[in-house]
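Written out below as structure tokens is the structure these notes cover.
The values are calculated or read from the model by the stated rules, or taken from the named source; none is laboratory data. Everything numeric in this text was worked out from a predicted model, so none of it was measured. All Cβ positions, even for glycine, are placed from backbone atoms using ideal geometry, and neighbour counts span all protein chains on display.
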């Protein structure tokens, strides 16, 4: 009896935390369909805010920038990061610890430091802020995540498979494509998807390296919030939440399949 | 004769002996040089650059000029800026503690839930972890503002006549920070609680320990790596999240992240902004070293 009471209390507590985590998001989504523009009273269901969003040139422009930057940076970071993970898994070399820390530090230092240091770099070498600087910055913060995810996948990988392929005369490139890549592919895709969500959601670093003509959606939302709460922001946020959710579901499925 | 032997030695030199090594070195070079090059150019050099800039003087046009000085650092130790750092650290510390106090039992419950529910419960933590923190902050503005959901509910229910001021103060910033950072605390806690060998607890119970004794003497010490990792993952980023104080705090709540942002974008004092960033970096590295010392986690594996 006492135990079941404790269990009930535990379940109730977990429920409260989930409520804390999800209620604000649920309310945000609900209000994106509310007719009332000004206050929090529910006045009726509407798709108006979504329609307006697709008529808003600036928002569409920002959506385009976000997608281009996310796609380009994800592809580049995935290639560089996957190669790095394989290289670091396969070889011992001088400076490995240094490279390790260079890949580890970006994950733990405050993002703002990375943002302003990139801004300082671009302004010192006179590269105008825009698509290029955004993409370069996003590649930089995505690489460490990809390396982590792909290396986790490689952890359970039997090296003797690679050695067998090499002994049978395969070149390192053939070994990589025919033996290593199929094994790490789910990790690579999961890493790429996570890099993609990081890119479309990034606020802090983009804030410093985006130019006037290259506003991303989170930056657009940031400036919209500063002008005040509007139903359009609710609708835009809802759409972004849905995209993130889809990507994370796919990525998690790939990650969970590791044991299969 | 000589003319003919030379190429053959060159040929054998190229083909027989390095044949074993050359392709491997080539592969090593191709896998590792892009990342080294990229991270050097876009991570290491920029960091060194702001270290350098932090010793320059601000020019009248907002650029940087000679002479070299340590004035940017000494200036930070003025009472005004030290107070900002102090308030920032207190707020981040409060965030960390609240996340730990609320997150630990939560992580414990998930880790001890039946296997078939565990993945879905865990997944429900991972979603907010990856969700845009700006959008999550905005959701709270929607709740807390004067015409917001909470005030509307309270007034319509007749509990209050005037809306409460829930937004634009340090309380709102704290709510925003805890909300944003909670998943970062729960995930490492979960990982370390789940790893815990249950037989220790059974042994303790067999030897007559009460459940709370078993918790303080066994569970808590053995999950310290998770606690420290989670605290680090909450404390460090919350120092730099400038948009939460920007959007939810009052005009007075300038935190260290906002100070850096303002130096770069509004005040255009790059040397001072760089110096503050370096101080923030140093503080972060100090935390990481302390973390590695306390947990013996040399590669920071628990953090990832």
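Given the residues A:193, A:245, which is the only one that is surrounded by fewer than 21 Cβ atoms within 10 Å (Cβ to Cβ) and assigned to a helix (DSSP H, G or I)? Break it down stepwise before answering.
Numbers: A:193 fails: surrounded by fewer than 21 Cβ atoms within 10 Å (Cβ to Cβ).
Criteria check complete, one pass: A:245.
Of the conditions (1) outside any helix (DSSP H, G or I); (2) closer than 17 Å to residue A:19 by Cα, residue B:122 satisfies every one except a single condition; which number is it?
Single failed check for residue B:122: (1).
Which numbered condition trips up residue A:242, out of (1) modelled with pLDDT under 90; (2) more than 24 Å from residue A:85 (Cβ to Cβ); (3) out of contact with any helix residue (DSSP H, G or I) (no Cβ under 8 Å at 6 or more places or on another chain)?
In the conditions (1) modelled with pLDDT under 90; (2) more than 24 Å from residue A:85 (Cβ to Cβ); (3) out of contact with any helix residue (DSSP H, G or I) (no Cβ under 8 Å at 6 or more places or on another chain), residue A:242 misses (1) alone.
Among the residues of region B:99-116, count how many are free of Cβ contacts under 8 Å to residues at least 24 places away in the same chain, in a helix (DSSP H, G or I) and either facing another protein chain (nearest Cβ under 7 Å) or in contact with a helix residue (DSSP H, G or I) (Cβ under 9 Å, 6 or more places away or on another chain) (or both).
The number of residues fulfilling the criteria is 2.
Taking residue A:10, is it within 14 Å of chain B (Cβ to nearest Cβ), over 26 Å from the mean Cα position of the chain (by Cα), over 30 Å from residue B:148 (Cβ atoms) and surrounded by 15 or more Cβ atoms within 10 Å (Cβ to Cβ)?
On the way: within 14 Å of chain B (Cβ to nearest Cβ): yes; over 26 Å from the mean Cα position of the chain (by Cα): yes; over 30 Å from residue B:148 (Cβ atoms): yes; surrounded by 15 or more Cβ atoms within 10 Å (Cβ to Cβ): yes.
Yes, satisfied.
Residue A:229 - would you say it is surrounded by fewer than 24 Cβ atoms within 10 Å (Cβ to Cβ), within 12 Å of another protein chain (Cβ to nearest Cβ), out of contact with any strand residue (DSSP E or B) (no Cβ under 9 Å at 6 or more places or on another chain) and modelled with pLDDT of 90 or more?
On the way: surrounded by fewer than 24 Cβ atoms within 10 Å (Cβ to Cβ): yes; within 12 Å of another protein chain (Cβ to nearest Cβ): yes; out of contact with any strand residue (DSSP E or B) (no Cβ under 9 Å at 6 or more places or on another chain): yes; modelled with pLDDT of 90 or more: no.
So residue A:229 does not fit the description; no.
Among the residues of region A:87-104, how many are more than 7 Å from chain B (Cβ to nearest Cβ) and within 30 Å of residue B:244 (Cβ to Cβ)?
1
Run down B:282, B:275, B:290, B:214 and say which single residue is surrounded by fewer than 20 Cβ atoms within 10 Å (Cβ to Cβ) and more than 19 Å from the chain's Cα centre (by Cα).
Numbers: B:282 fails: more than 19 Å from the chain's Cα centre (by Cα); B:275 fails: surrounded by fewer than 20 Cβ atoms within 10 Å (Cβ to Cβ); B:290 fails: more than 19 Å from the chain's Cα centre (by Cα).
Answer to the selection: B:214.
From the list A:237, A:223, exactly one residue is closer than 17 Å to residue A:62 by Cβ, part of a helix (DSSP H, G or I) and touching a helix residue (DSSP H, G or I) at 6+ places or on another chain (Cβ under 6 Å). Which is it?
On the way: A:223 fails: touching a helix residue (DSSP H, G or I) at 6+ places or on another chain (Cβ under 6 Å).
One residue alone meets the criteria, A:237.
Determine which member of the set A:182, A:186 is part of a helix (DSSP H, G or I) and buried (at least 19 other Cβ atoms within 10 Å of the Cβ). Talk me through it step by step, then tell me what you get.
Details: A:182 fails: buried (at least 19 other Cβ atoms within 10 Å of the Cβ).
A:186 is the lone residue from the list that is part of a helix (DSSP H, G or I) and buried (at least 19 other Cβ atoms within 10 Å of the Cβ).
So residue A:1 clears everything in (1) within 25 Å of residue B:134 (Cα to Cα); (2) modelled with pLDDT under 85 except one condition, right? Which one?
Exception for residue A:1: condition (1).
Counting residues that are closer than 30 Å to residue B:242 by Cβ, which helices (runs of 4 or more DSSP H) fully inside region B:167-216 reach at least 2? Write out each step before concluding.
Numbers: elements: B:170-195, B:198-206, B:211-214.
Per the criteria, B:170-195.
Criterion first (away from chain A (no Cβ under 14 Å), within 20 Å of residue B:283 (Cβ to Cβ) and either in a helix (DSSP H, G or I) or touching a helix residue (DSSP H, G or I) at 6+ places or on another chain (Cβ under 9 Å) (or both)) does residue B:90 satisfy it?
Working: away from chain A (no Cβ under 14 Å): yes; within 20 Å of residue B:283 (Cβ to Cβ): yes; either in a helix (DSSP H, G or I) or touching a helix residue (DSSP H, G or I) at 6+ places or on another chain (Cβ under 9 Å) (or both): yes.
Judged against the criteria, residue B:90 is a match.
Can you tell me which residue among B:144, B:167, B:189 is surrounded by 20 or more Cβ atoms within 10 Å (Cβ to Cβ) and either at positive phi or modelled with pLDDT of 90 or more (or both)?
Matching residue, one of B:144, B:167, B:189: B:189.
Being buried (at least 16 other Cβ atoms within 10 Å of the Cβ) and within 9 Å of chain B (Cβ to nearest Cβ) is true for just one of A:83, A:107. Which residue is that?
Values: A:107 fails: buried (at least 16 other Cβ atoms within 10 Å of the Cβ).
Every option except A:83 fails the conditions.
Filter region B:117-146 down to the residues that are within 30 Å of residue A:6 (Cα to Cα) and either touching a strand residue (DSSP E or B) at 6+ places or on another chain (Cβ under 8 Å) or at the interface with chain A (Cβ under 8 Å from one of its Cβ atoms) (or both) and list them by number.
Taking region B:117-146 as the starting set, the residues that turn out to be within 30 Å of residue A:6 (Cα to Cα) are B:117-129.
Answer for region B:117-146, where residues must be within 30 Å of residue A:6 (Cα to Cα) and either touching a strand residue (DSSP E or B) at 6+ places or on another chain (Cβ under 8 Å) or at the interface with chain A (Cβ under 8 Å from one of its Cβ atoms) (or both): B:119, B:121, B:123, B:124, B:125, B:126, B:127, B:128.
Just give me the residues in region A:127-143 being surrounded by fewer than 19 Cβ atoms within 10 Å (Cβ to Cβ) and either modelled with pLDDT of 95 or more or in a helix (DSSP H, G or I) (or both), in sequence order.
Result: A:131, A:132.
Quick one: in region A:211-226, of everything that is in contact (Cβ under 8 Å) with a residue 12 or more places away in the chain and facing another protein chain (nearest Cβ under 7 Å), which residue is nearest to residue A:46 (Cα to Cα)?
If we take residues in region A:211-226 being in contact (Cβ under 8 Å) with a residue 12 or more places away in the chain and facing another protein chain (nearest Cβ under 7 Å), then A:221 is nearest to residue A:46 (Cα to Cα).
Filter region B:46-68 for residues that are free of Cβ contacts under 8 Å to residues at least 12 places away in the same chain and closer than 13 Å to residue A:123 by Cα and give the result.
The answer is B:46, B:49.
Of everything in region A:166-178 that's in a helix (DSSP H, G or I) and closer than 16 Å to residue B:26 by Cβ, which residue is farthest from the chain's Cα centre (by Cα)? Steps first, answer last, please.
As a first pass, look at region A:166-178 and keep what is in a helix (DSSP H, G or I): A:166-167, A:172-178.
Now drop any that are not closer than 16 Å to residue B:26 by Cβ, which leaves A:166, A:172-177.
On the way: A:166: 36, A:172: 31, A:173: 29, A:174: 31, A:175: 30, A:176: 26, A:177: 26 Å.
The extreme case among them is A:166.
Got a number for residues in region B:196-243 being closer than 30 Å to residue B:89 by Cβ and within 14 Å of another protein chain (Cβ to nearest Cβ)? Before you say what the answer is, go through the steps one by one.
Here is the first cut: in region B:196-243, the ones closer than 30 Å to residue B:89 by Cβ are B:215-216, B:219-243.
Okay, now just the ones that are also within 14 Å of another protein chain (Cβ to nearest Cβ), so B:215, B:228-243.
Looking only at that region, the number is 17.
Do you know which of the residues in region A:248-257 that are farther than 12 Å from residue A:197 by Cβ and crowded, with 18+ Cβ neighbours inside 10 Å is modelled with the highest pLDDT? Break it down stepwise before answering.
First, pick out the residues of region A:248-257 that are farther than 12 Å from residue A:197 by Cβ: A:253-257.
Keeping just the survivors that are crowded, with 18+ Cβ neighbours inside 10 Å gives A:254-255.
On the way: A:254: 78, A:255: 71.
Checked region A:248-257; the qualifying residue modelled with the highest pLDDT is A:254.
Select from region B:29-61 the residues that are assigned to a loop (DSSP other than H, G, I, E, B) and in contact with a strand residue (DSSP E or B) (Cβ under 6 Å, 6 or more places away or on another chain) and write down the one among them that is modelled with the lowest pLDDT. Steps first, answer last, please.
Going through region B:29-61, the residues assigned to a loop (DSSP other than H, G, I, E, B) turn out to be B:54-56, B:59-61.
Those still in the list that are in contact with a strand residue (DSSP E or B) (Cβ under 6 Å, 6 or more places away or on another chain) too: B:56, B:59.
Details: B:56: 86, B:59: 76.
Among those that are assigned to a loop (DSSP other than H, G, I, E, B) and in contact with a strand residue (DSSP E or B) (Cβ under 6 Å, 6 or more places away or on another chain), it is B:59.
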